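What follows is a single structure, written as structure tokens, with notes after it.
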Amino acid sequence: MTLHTTPDDELDDDLAVRRPAAAGESSRASRQWWDRNADEYQDEHGAFLGDDRFTWCPEGLDEADAQLLGPTAALRGLAVLEIGAGAAQCSRWLAGRGARPVALDISHRQLQHSRRIDEQRGTARIPVVQADAAVLPFADASFDLACSAYGAVPFSADTAKLMREVHRVLRPGGRWVFSVTHPIRWAFSDEPGIEGLTASASYFDRTPYVEQDVTGRASYVEHHRTLGDRVRELVGAGFTLLDLVEPEWPARLTSTWGGWSPLRGRHIPGTAIFVTQRG
């Protein structure tokens, strides 16, 4: 799962703006940002993510409880593609339930952390692939399920194409389940405190969020889609929407993660999880 928190030293150098960002620029920025920040990301969030935990979001909703991919017992033997896998924590959980996961990420350094975890645990290596999620290097109908916990989707400039690619590599009837920052959050400041409860932008402004250096070269890019946009992309790609899950912030969770916090979680949703099925 990939959730962005900008290091303090990077904030000193890069300027945050809203401007267009095409597919090539977005892909390059994502690859370089995650290669550069993977170590810090895993150090900061590794304890929350665990080595083999499948958690969908900062609210801590686990697949073991939610079973959004279907009954856990039914995962055995299924070929599963995890998109934007990071260090493949979710794939490792799936493997532990008898599934046959493949972990895909655009960042080579993130996938090196997957190897590190496997070696430290002394367990079989999770198969990993470095690729852009909008250009999946797999044959048609290669997988029974596909999933993504905050990976790839927010960073892709052409998510309609990404959805078509996932549809292509899934077998008929296969589920595609993914979590993203709840679209309503784009109208609010990305702050965990009370300032993050005031709408400061238009929910309907799809202009990408870009961090760029003094020359205008993007170092980080995220793309916004409204709930309606996302549903139309999915339906257009041939998926049926089975459920839209908006996890509530649990009382037991007192920590913050970037703009996610108990305060904000009591008032506005932080995550949207789309549960879909290939036609």
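In table form, for the structure just shown:
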| read-out | value |
| --- | --- |
| Dipole magnitude (debye, nearest 20) for the chain, charges at Cβ of Lys, Arg, Asp, Glu | 1220 debye |
| Value in Å of the Kirkwood radius, where the chain supplies the Cα pairs that are averaged | 18.9 Å |
| Difference of contour (0.36 nm per residue) and Cα-Cα distance, residue 74 to residue 168 | 31.6 nm |
| Computed magnitude of the charge dipole of the range 106-241 (debye, nearest 20; Cβ of K, R +1, Cβ of D, E -1) | 500 debye |
| Top positive-direction residue, dipole computed over the range 8-278 with Cβ charges, set 260, 17, 117 | 117 |
| Student exercise, the range 4-109 dipole from Lys, Arg, Asp, Glu Cβ charges, in Debye to nearest 20 | 820 debye |
| Low-density loop positions, trypsin sites (Lys or Arg not before Pro), the range 84-132 - DSSP coil, at most 14 other Cβ in 10 Å | 125 |
| Mean Cα-pair separation over length for the chain, i.e. relative contact order, pairs under 8 Å, 6 or more apart, % | 22 percent |
| Residues residue 215 and residue 53, FRET efficiency given R0 of 45 Å [Cβ-Cβ distance, rounded to 0.05] | 0.70 |
| Per-residue ³J(HN,Hα) for the range 181-186, Karplus 6.51 cos²θ - 1.76 cosθ + 1.60, θ = phi - 60°, Hz, x for Gly and Pro | 3, 4, x, 5, 4, 5 |
| Phi to ³J(HN,Hα) by Karplus 6.51 cos²θ - 1.76 cosθ + 1.60 over the range 89-105, Hz, x for Gly, Pro | 4, 5, 4, 5, 5, 4, 4, x, 9, x, 6, 10, x, 10, 9, 10, 8 |
| Nearest 10 degrees, 0 to 90: helix 159-169 Cα axis against the chain principal axis | 10 degrees |
| Length-normalised contact order of the range 20-105 in % [C-alpha pairs under 8 Å, at least 6 apart] | 25 percent |
| Listed peptides 24-37, 215-228 by packing density, highest first (mean Cβ within 10 Å) | 24-37, 215-228 |
| Integer Hz, Karplus 6.51/-1.76/1.60 couplings in order for the range 235-249, x for Gly and Pro | 5, x, 7, x, 9, 9, 7, 8, 6, 10, 9, 10, x, 7, 6 |
| The chain - share of DSSP beta bridges that are antiparallel (%, nearest 5) | 60 percent |
| Of 179, 131, 238, farthest towards positive along the dipole that unit charges on Lys, Arg, Asp, Glu beta carbons give the chain | 238 |
| Point-to-point label distance, residue 198-residue 161, nm (Cα→Cβ direction, 7 Å offset) | 4.0 nm |
| The range 1-152: radius of gyration and largest Cα-Cα distance (Dmax), Å | 15.7, 49 |
| 14 Å beta-carbon shell around residue 250, net charge (K/R +1, D/E -1) | -2 |
| Computed label-point distance, nm, for sites residue 244 and residue 139 using a 7 Å Cα→Cβ extension | 3.7 nm |
| Degrees separating the helix 108-121 axis from the principal Cα axis of the chain, which is the longest one | 50 degrees |
| Residues residue 65 and residue 263, FRET efficiency given R0 of 30 Å [Cβ-Cβ distance, rounded to 0.05] | 0.80 |
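Values in this text are rule-based calculations from the coordinates and carry no lab data. What you see is a predicted model; the values in this text were computed from it and never measured. Counting neighbours? That spans all protein chains shown, and the Cβs are built from the backbone with ideal geometry, glycine included.
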